[in-house]
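The structure appears right after this line, and notes come after that.
The values are calculated or read from the model by the stated rules, or taken from the named source; none is laboratory data. It should be emphasised that the depicted structure is a prediction, and the values quoted were computed from it without experimental measurement. Positions of Cβ are generated from backbone atoms using ideal geometry, with glycine treated the same way; all protein chains shown enter the neighbour counts. Ligands, DNA and RNA are excluded from the accessible area calculation, which covers all protein heavy atoms including side chains. Shrake-Rupley method; radii C 1.70, N 1.55, O 1.52, S 1.80 Å.
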Amino acid sequence: MARTPCVVDPDAAEATAARRALVVRLKRVEGQLRGVQAMIETGDDCEAVAQQLSAARKALDKAFFELLACAIEHPQFSVGRKAGRGAAANEGHDVRVQRIARALAKFA
C-alpha cells in the first residue's frame, strides 16, 4: 500500500503538496457551503439543498479521513509537537490502538 504523505511532517518534501491539496479540498467545501447558503436564501428546493449539503459533507469527511490516515501511518506526528517527535513512535502497540480508537470515537 502506498504511503500517505503526512500534512504535518515538516521534514517530508511531499508534505507541502499534501498540505496544499488539503487546503484546496477545504476551499472547495467552503465554496460548496456558500452555494448552499445562496440556495437557502433564494428558497431553492429542499431536496436540492440536501443533495448539496451531502456532497459538502462527503468532501469534508474525505479531508478528515486523509488527515486521520496521516496520524495512523505516521504516529510520530499524531501526538502533538509538545510531546516530542519520538513520543508516539515509542508507545506500545496497544496504547496506540487505544489512542486511535479514542480519536475515531471523538471525531468520526
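Worth a mention:
- Residues located in segment 11-44, provided they are charged (D, E, K, R), open to solvent by less than 100 Å² (accessible area, probe 1.4 Å) and more than 13 Å from GLU66 (Cα to Cα): GLU14, GLU30, ASP44
- Of the residues making up segment 93-108, those that are free of Cβ contacts under 8 Å to residues at least 40 places away in the same chain and open to solvent by 100 Å² or more (accessible area, probe 1.4 Å) are HIS93, ASP94, GLN98, ARG102, LYS106.
- Enumeration of residues in segment 26-64 that are touching a residue at least 24 places away in the same chain (Cβ under 8 Å) and not charged (D, E, K, R): LEU26, VAL29, GLN32, ALA56, ALA59, LEU60, ALA63, PHE64
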